[in-house]
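The values are calculated or read from the model by the stated rules, or taken from the named source; none is laboratory data. Computed from a prediction, not measured in an experiment: that's the story for all the values here. Cβ: placed from backbone, ideal geometry, glycine included. Neighbour counts: every protein chain shown. We work out accessible area using only protein heavy atoms, side chains counted, and drop any ligands, DNA or RNA first. Shrake-Rupley method; radii C 1.70, N 1.55, O 1.52, S 1.80 Å.
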Amino acid sequence: MEGIQHKEVEVNGIKMHVAEKGEGPVVLFLHGFPELWYSWRHQILALSSRGYRAVAPDLRGYGDTEAPASMSSYSCFDIVGDLVALIDLLGVDQVFLVAHDWGAIIGWYLCMFRPDRVKAYVCLSVPLLHRNPEIRTVDAMRAMYGDDYYICRFQKPGEMEAQMAEVGTGYVLKNILTTRKPGPPIFPKGEYGTGFNPDMTNSLPSWLSQHDLAYYVSKFQKTGFTGPLNYYRNMNPNWELTAPWSGAKIKVPVKFITGDLDMVYTSLNMKEYIHGGGFKEDVPNLEEVIVQKGVAHFNNQEAAEEINTHIYDFINKF
């Protein structure tokens, strides 16, 4: 991690921790759940060595960035507001955006609200979640998968935090980061239990060292999971807040990359949406869709070199 600089900046009324390296056009990296700037460690080194300024914040509620107490402080507007302020602070008009999981959802909102700030978007794992004006986001998921679908189980303040505390921070992080189980994650009733990964073993995959896991654990032990879970608790409120953008097209140029074992790709009718024309209709400048064989959800870490090349090849065209 040599040469990565860490700083604290003031954005949108909160203190934000940012990791960065390199000089040149800015590539802004947005991590997902339950992650940190550290999820982009391979990409920061690769892109900074190729003439880019790689910038990876801990998002609101995560790691060394401030975590406001109020659940309503985690709406799409709050988090996009943080990022617009960060882009302003970086002294640039536009960034190349690279985002994964919840970072990807926020990335779509950034492209929707402020397309003038994004030159091009490399999106990992989560395509645009098309807004259905007829039904709220979490209600639709509940109708599809029931009350024990993980996003439904994350809704009630304090409940999932208590269930995670029963098994411990280390268990939760290892359980999520190592899962290769395709399809919708359905939790056992009334407990975290085997969570996302009923097949969890003692060993770690080659791409996640004990040191990597220990870094995540050290930060989440300090912060807990409430800030990160509050993103999920704002999915229905976000549906309400974004009514004015219902049916809006995303005009930013996009490259989308997922693994064929990814839990998102293999649930919520995503394959049909991604490959059946819906995604392209919502995102007319979707230039490429890449499906990585034998790769699961955390593709920026599991298939780091391949992802580095995909990012570089795409943003290098602009």
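Here region 273-315 is treated with +1 on each Lys and Arg Cβ and -1 on each Asp and Glu Cβ, and its dipole about the Cα centre works out to around 120 debye.
By a 1.4 Å probe calculation restricted to protein chains, M270 has an accessible surface near 10 Å², given to the nearest 10. Taking L268, L90, L36 in turn, the Gaussian network model of the chain (Cα-Cα springs below 10 Å) assigns the largest fluctuation to L90.
Take the chain, mark every one of the trypsin sites (Lys or Arg not before Pro) that falls in a DSSP loop and has at most 10 other Cβ within 10 Å, then report the longest stretch left between them, sites excluded.
Between the exposed loop sites, the longest stretch runs 1-188.
Taking GluC sites (Glu not before Pro) as exposed when DSSP calls them loop and at most 14 other C-beta atoms lie within 10 angstrom, the chain has its longest site-free stretch at 192-318.
For region 228-318, the share of alpha carbon pairs falling in successive 5 Å distance bins from zero is 3, 11, 17, 18, 23, 18, 9, 2 percent.
Taking the DSSP beta bridges in the chain as the whole, what percent of them are antiparallel, to the nearest 5? Rounded to the nearest five, the antiparallel share is 35 percent. Put a plus charge on the Cβ of each Lys and Arg, a minus charge on the Cβ of each Asp and Glu, and nothing anywhere else: the dipole of the chain about its Cα centre is then about 220 debye. For region 131-283, the normalised intensity computed at q = 0.08, 0.16, 0.18 Å⁻¹ comes to -0.28, -1.08, -1.27 (log10 of I(q)/I(0), Debye sum over alpha carbons, equal scatterers, no solvent).
Contact order, relative form, for region 1-72: 34 percent (alpha carbon pairs under 8 Å, 6 or more residues apart, mean separation divided by residue count).
Pairwise Cα distances in region 1-144 exceed 20 Å for 46 percent of all pairs. Restriction of the chymotrypsin sites (Phe, Trp or Tyr not before Pro) in region 1-85 to DSSP coil positions whose beta-carbon has at most 11 other beta-carbons within 10 angstrom yields no sites. In the chain, the DSSP-assigned H stretches of four residues or longer account for a calculated mean residue ellipticity at 222 nm of -10500 deg cm²/dmol, using -39500 (n - 2.57) per stretch and the full residue count as denominator. Working from Cα pairs under 8 Å separated by at least six residues, relative contact order for region 31-157 is 19 percent.
With the biggest extent put first, the Cα atoms of region 5-316 measure 49, 45, 41 Å across the principal axes.
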